[in-house]
Protein chains: 2
Amino acid sequence: MEFRIATRADVPAVLDLLADDDITRQRGYGTVPEHVDAAIWAAFEAIEADDRNELIVAVDRNEVVGTCQLTFIPGLSRGGGERLLIEAVRIRSDRRGRGLGGELIRWAVDRARERGCRMVQLTTDKRRTDAHRFYERLGFTASHEGFKLAL
Amino acid sequence: MEFRIATRADVPAVLDLLADDDITRQRGYGTVPEHVDAAIWAAFEAIEADDRNELIVAVDRNEVVGTCQLTFIPGLSRGGGERLLIEAVRIRSDRRGRGLGGELIRWAVDRARERGCRMVQLTTDKRRTDAHRFYERLGFTASHEGFKLAL
């Protein structure tokens, strides 16, 4: 298993992972399209060009089996240290329940630590109760309410 | 009242606002120092140089009376649209309860809309029950759990 920054060739597989999720489908914030259109390529290029954003893939034998996005956010609190925001965590459905998600998050947390971040944060839908236990086992605390406003 | 991007001269007042908060003091993630040290200046310069991060101040008669930080995050979901993350929202204690916070958040949401963002998100400590009602009145939904891990 390898964790690395996604290349252009990984994008279709990442989109498949983002779409393969019941809550994403129900959410009503918009769905992930079946094909990669110009706006999605532009978003990928924006992430790739930004040294505070990283699209990560977990790759096993040349197959993308997991993904997440990392955003390193500078701020004046906590002694001026960055915080890491983790978004869009997905593990391919046939690979869930085997510890891959934990490996991916621990890898991301290590990356934050190496970079000198003071905090790692993420939000997860209140309906994802399995995910809540998962993040608590990894040492996270559900100390905050996560508010969203679709535009 | 004016809302604008903070300048270097606003930084001490922003730090005072960040520090003037009971939960920040209790949080144990580290406190905001009384003075502006090199790491905080470096963080301010990182925000200033980054076109996806904006430190915002609310200014009334040359006094900083509110602040928040905006981070515009590119992503592959939601048709490739950015999301806005709002962090570090503070209103000076003698100005609370008079609608200023609502004005600041609506201004930030309008800024996100003009930029074409698909979503605005933020987290707020579970103990800030007044803040929860405040964000619900502004149209936000507490759909997510907010997990944090201090490093």
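When the criteria are applied in full, residue B:48 meets the requirement of being in a helix (DSSP H, G or I), over 22 Å from residue A:145 (Cα atoms) and not basic (Lys, Arg).
Exactly one residue out of A:54, A:114, A:103 is part of a helix (DSSP H, G or I) and either free of Cβ contacts under 8 Å to residues at least 40 places away in the same chain or under 30 Å from residue B:8 (Cβ atoms) (or both), and it is A:114. Within segment A:1-39, the set of residues being basic (Lys, Arg) and modelled with pLDDT under 70 comprises A:25, A:27.
Only one of the listed residues (A:59, A:65, A:109, A:120) is within 27 Å of residue B:141 (Cβ to Cβ) and either in contact (Cβ under 8 Å) with a residue 60 or more places away in the chain or surrounded by 16 or more Cβ atoms within 10 Å (Cβ to Cβ) (or both). That residue is A:120.
Checked against (1) buried (at least 18 other Cβ atoms within 10 Å of the Cβ); (2) in contact with a His (Cβ under 8 Å, 6 or more places away or on another chain); (3) not acidic (Asp, Glu), residue A:126 meets all criteria but (1). Residue under question is residue B:51, and the condition is that it be under 18 Å from residue B:4 (Cα atoms) and surrounded by fewer than 21 Cβ atoms within 10 Å (Cβ to Cβ); does it hold? Here the answer is yes, as residue B:51 does meet what is asked.
Candidates A:114, A:87: the one that is within 12 Å of chain B (Cβ to nearest Cβ) and over 17 Å from the mean Cα position of the chain (by Cα) is A:114.
Rundown of residues vs (1) of a type in the set (Val, Ile, Thr); (2) more than 20 Å from residue A:64 (Cβ to Cβ); (3) within 7 Å of chain B (Cβ to nearest Cβ), yes/no style:
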site	(1), (2), (3)
A:119	no, yes, yes
A:123	yes, yes, yes
A:133	no, yes, no
A:145	no, yes, yes
A:150	no, yes, yes
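The values are calculated or read from the model by the stated rules, or taken from the named source; none is laboratory data. A quick note: this is a predicted structure, and the numbers were derived from the prediction, not measured. FYI the Cβ positions are ideal-geometry reconstructions off the backbone, even for glycines, and counts take in every protein chain you see.
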